[in-house]
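The values are calculated or read from the model by the stated rules, or taken from the named source; none is laboratory data. Predicted, not measured: the structure shown is a model, and the values here were computed from it. A quick note on method: Cβ atoms are made from the backbone with ideal geometry, for glycine too, and the neighbour counts reach across all protein chains shown.
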Amino acid sequence: MPFLLKTEPNKYSFEDLERDGETTWDGIANNQALLYLRGMKKGEKLVIYHSNIGKAAVGTAKVASVDASDPKDPKVRVQPVKKFKAAKELAEIRAAAVFKDSILFRQFRLSVVPLTEEQYDWLVAPAAKG
């Protein structure tokens, strides 16, 4: 199952992930988000979303490893895959039919959001030319 991971780019951006090559996705306190993190599997696809500043999906990553031995602090290692040539802005995502009824908009403050394959595919598809 693919997931969308939200991050504040002034604290840790996709560019930081690219520079580091791999990081532990941490700082998560919400129980629902922790549940999603604990359930992740090595190799699962991720979309990185810049929240607060930018408000856009900016690139893809993958789960490198998961250590869920501490349920309150799972250690999920994340590696960058590819930066989008054009970010997918929040308004564009919200308007897409594939996101109708998505948890992304029902629990907007959730920092780890499961995606359907169709939602993932839509996010990673090149932005439509205006």
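Based on this model, can you work out whether Asp73 counts as among the acidic types (Asp, Glu), over 27 Å from Pro126 (Cβ atoms) and either at pLDDT 95 or above or in contact with a Lys or Arg (Cβ under 9 Å, 6 or more places away or on another chain) (or both)?
No; evaluated as a whole, the condition is false for this residue.
Pairs, please: C-beta under 8 Å, at least 6 apart or cross-chain, first residue closer than 16 Å to Ser51 by Cβ and in contact (Cβ under 8 Å) with a residue 60 or more places away in the chain and in the range 83-100, second outside any strand (DSSP E or B) and among the basic types (Lys, Arg)?
none
Looking at the range 105-119 only, could you name the residues that are in a helix (DSSP H, G or I), touching a residue at least 12 places away in the same chain (Cβ under 8 Å) and either more than 18 Å from Lys62 (Cβ to Cβ) or touching a strand residue (DSSP E or B) at 6+ places or on another chain (Cβ under 6 Å) (or both)?
Passing the criteria: only Glu118.
For the range 35-48, give me each residue that is in contact (Cβ under 8 Å) with a residue 60 or more places away in the chain and under 20 Å from Arg109 (Cα atoms).
Tyr36, Leu37, Val47, listed by residue number.
I'd like to verify a number: residues in the range 84-123 that are among the β-branched types (Val, Ile, Thr), closer than 24 Å to Asp26 by Cα and buried (at least 17 other Cβ atoms within 10 Å of the Cβ), how many?
Filtering the range 84-123 down to residues among the β-branched types (Val, Ile, Thr) leaves 93, 98, 103, 112-113, 116.
After this cut, where a residue has to be closer than 24 Å to Asp26 by Cα as well, the list is 103, 112-113, 116.
Those left that are additionally buried (at least 17 other Cβ atoms within 10 Å of the Cβ): 112-113.
Matching residues across the range 84-123 total 2.
Out of (1) closer than 22 Å to Asp121 by Cβ; (2) free of Cβ contacts under 8 Å to residues at least 40 places away in the same chain; (3) more than 10 Å from the chain's Cα centre (by Cα), the odd one out for Lys62 is which?
All conditions pass for Lys62, except number (3).
I'd like the full set of residues that are of a type in the set (A, V, I, L, M), part of a strand (DSSP E or B) and closer than 20 Å to Glu8 by Cβ, limited to the range 55-104.
Ala56, Ala57, Val58, Ala61, Val76, Val78, Ala87
Taking the residues in the range 1-32 that are small (Gly, Ala, Ser) and modelled with pLDDT under 95 as candidates, determine which candidate is farthest from Ala125 (Cα to Cα).
The extreme case among them is Ala29.
Filter the range 14-30 for residues that are touching a residue at least 40 places away in the same chain (Cβ under 8 Å) and either assigned to a loop (DSSP other than H, G, I, E, B) or of a type in the set (Ser, Thr, Tyr) (or both) and give the result.
Residues satisfying the conditions are Gly21, Glu22, Thr23, Thr24, Asp26, Ile28, Asn30.
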